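Notes for the one structure printed next.
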Amino acid sequence: MNLENQPCTRAPREWGLDPLFWTSAKLFVGDLHAALPSSSASVFFVGNQHIVRGVEVVGIVVSVDTRSPKMTLYNVDDGTGVVLCVQFVAAEDQPSPALRQAYELGTTVRVEGRLTTFRGVRQVVIRTSTPVAPDQEALGWLERLALR
């Protein structure tokens, strides 16, 4: 994938034709920060006019901030940058305690979620997150380089 970011020239009704619109794009954190925001919706343009709203990042947790019992903030570093990952928890309708898992500093995690901007800061609202073995970060790098 060519990652020279350009705004999309397609009409919003045609965005669903792009396969990256319906999947979680495996991107580096540096690519998340370089993505161009759309003026009409909460989607971003990555690469050669690809439309992305879901992303997957593999990296190391470098900070944890529990703001309340219902929200935890993680900063995840993959070597190209650091992205804020926000995990919201609704205790009463939580199907699995694994989704409430708090990660310690230095844990390698795979985070999948929706890319958003809040108060000028790019962030990922976590849909799923799982701890992975430390070698999975290197494999994630190879995977993302192969997808370029």
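General remarks:
- Area of THR130 that stays accessible when all protein chains are in place (1.4 Å probe, Å², to 10): 70 Å²
- GLU143 accessible area, assembled protein chains, probe 1.4 Å, Å²: 70 Å²
- When LEU105, LEU32, LEU73, LEU145 are compared by accessible area at a 1.4 angstrom probe, the order from most to least is LEU105, LEU145, LEU73, LEU32.
The values are calculated or read from the model by the stated rules, or taken from the named source; none is laboratory data. What you are looking at is a predicted structure, and each value in this text was computed from that prediction instead of being measured. Accessible surface is based on the protein model in full, side chains and every heavy atom, while ligands, DNA and RNA are left aside. Shrake-Rupley method; radii C 1.70, N 1.55, O 1.52, S 1.80 Å.
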